[in-house]
Amino acid sequence: IYLIKSLNKMENNISQQSKTENETTEIVIEESPKIMTDSMFKKFFLEVASITTFTFRFFKEVVKPPYEFNEVMKQSFLIGYKSLPLVAITGFIIGLVLTIQSRPTLAKFGSESLLPAMVAVSLIREIGPVITALIFAGKVGSGIGAELASMNVTEQIDAMQVSDTNPFKYLVVTRVLSATLMLPILVILADGFGLLGSLVGVNIKGNVSSYLFFSQIFQSLEFNDLIPAIVKTFFFGYAIGLIGSYKGYNSNKGTEGVGIAANSAVVLSSLMVFIIDMIAVQITSLLQG
């Protein structure tokens, strides 16, 4: 009888313990999404605050002497000239493919003569700046992020601070200025190569002289098409350079942080390109309306 009572008592204790564990698991499962959501919001707002502080520091350092003109020129060469072949090839292919794909649609309405004007307006207004900015973000943004992150990991930034050198001005300000100045030039060159690709695409199934082709383009274009498209590229370049520098300058987690900084710089820069483009289109439509 004593043995039976002991076994019943143990069984009751085990059932109560399992019931308590199940209730605890349910509470954790119910509360975990809320905790995760709160942490995500907290992390997002902390990131926004950190980027805002980084931006204000950039504007403070850019006007304060001494000025690193030699480093700006060096970074402009590395960022602009080294990116030119990729941008030129991409622009040429975009113009060629856009012309070939648009011809059948215009041919259905007997409007093949409008092909150069249509390609030029779409290329210069939207496709050229956005595609070039995305390529720029993938090449330059990731490069800046990885370079500064590796310098941070190897403590080169700390060594510059110890040696009485301003690492923020030398590393961040110069790269952001170079990216801001070089991207509009690359966009103009990409548009030019895109129009050359369009000329090749027009002559694949036709015979159009270069004089007639560019005459139709310049007749269809206005300053309202060119100026807003160039102005917004300055903001594209600034955002790409700033985000890449921010991710690299504030990287952590050792060598793993180098890859994380490069990857997050590309993703966030590409997202900012689309956001800035959306805002620019709205402002342009309001001004023209």
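The values are calculated or read from the model by the stated rules, or taken from the named source; none is laboratory data. Note that this is a predicted model, so its numbers are computed, not measured. Don't worry about glycine lacking a Cβ; one is built from the backbone with ideal geometry, like all the others, and counts go over all protein chains shown. Side chains are part of the model used for accessible areas, which takes the heavy atoms of the whole protein and leaves out ligands, DNA and RNA. Shrake-Rupley method; radii C 1.70, N 1.55, O 1.52, S 1.80 Å.
Remarks
- Note on the range 41-117 and the range 235-282: Cα centroid distance 13 Å, given to the nearest whole angstrom.
- Restraint check, K42/K247; K42/K74; K82/K232; K82/K205; K74/K247; K42/K139, Cα-Cα greater than 28 Å: K42/K74; K82/K205; K42/K139
- Percentage relative contact order, the range 178-265, counting C-alpha pairs under 8 Å, at least six apart: 42
- Electrostatic tally near G143: other residues with Cβ closer than 11 Å to its Cβ, Lys and Arg +1, Asp and Glu -1, net +2.
- Accessible heavy-atom area order of K60, K82, highest first, probe of 1.4 Å: K60, K82
- Ordering of 241-252, 115-126 by packing is 241-252, 115-126, highest average first (other Cβ atoms within 10 Å, averaged per residue).
- Cα shape, the chain, gyration tensor, a/c 1.5 rule: oblate
- Charge dipole magnitude, Cβ of K and R +1, D and E -1 - the chain, Cα centre, debye nearest 20: 340
- Per residue, the solvent-accessible area of the range 176-232 (1.4 Å probe, heavy atoms of protein chains only, all protein chains present) comes to 52 Å².
- Across the options L171, F58, S285, the greatest Cα extent toward the positive end of the charge dipole of the chain (unit charges at beta carbon of Lys, Arg, Asp, Glu) belongs to S285.
- For Y238, solvent-accessible area (1.4 Å; no DNA, RNA or ligand), Å²: 50
- Area accessible to solvent at K169, 1.4 Å probe radius, in Å²: 10
- Value of [θ]222 nm, deg cm²/dmol, for the chain, DSSP H segments ≥ 4, -39500 (n - 2.57) each, nearest 500: -28500 deg cm²/dmol
- The range 178-289 - charge dipole about Cα centre, Lys and Arg +1 at Cβ, Asp and Glu -1, debye rounded to 20: 220
- Computed over the chain: relative contact order in percent, which uses C-alpha pairs under 8 Å that are six or more apart: 28
- Helix 142-153 and the longest principal axis of the Cα set of the chain meet at an angle near 40°.
- Residue ranking by accessible heavy-atom surface, 1.4 Å probe, largest first, among D164, D225 comes out as D164, D225.
- Ordered by 1.4 Å accessible area with all protein chains kept, V87, V63, V48 run largest first as V63, V48, V87.
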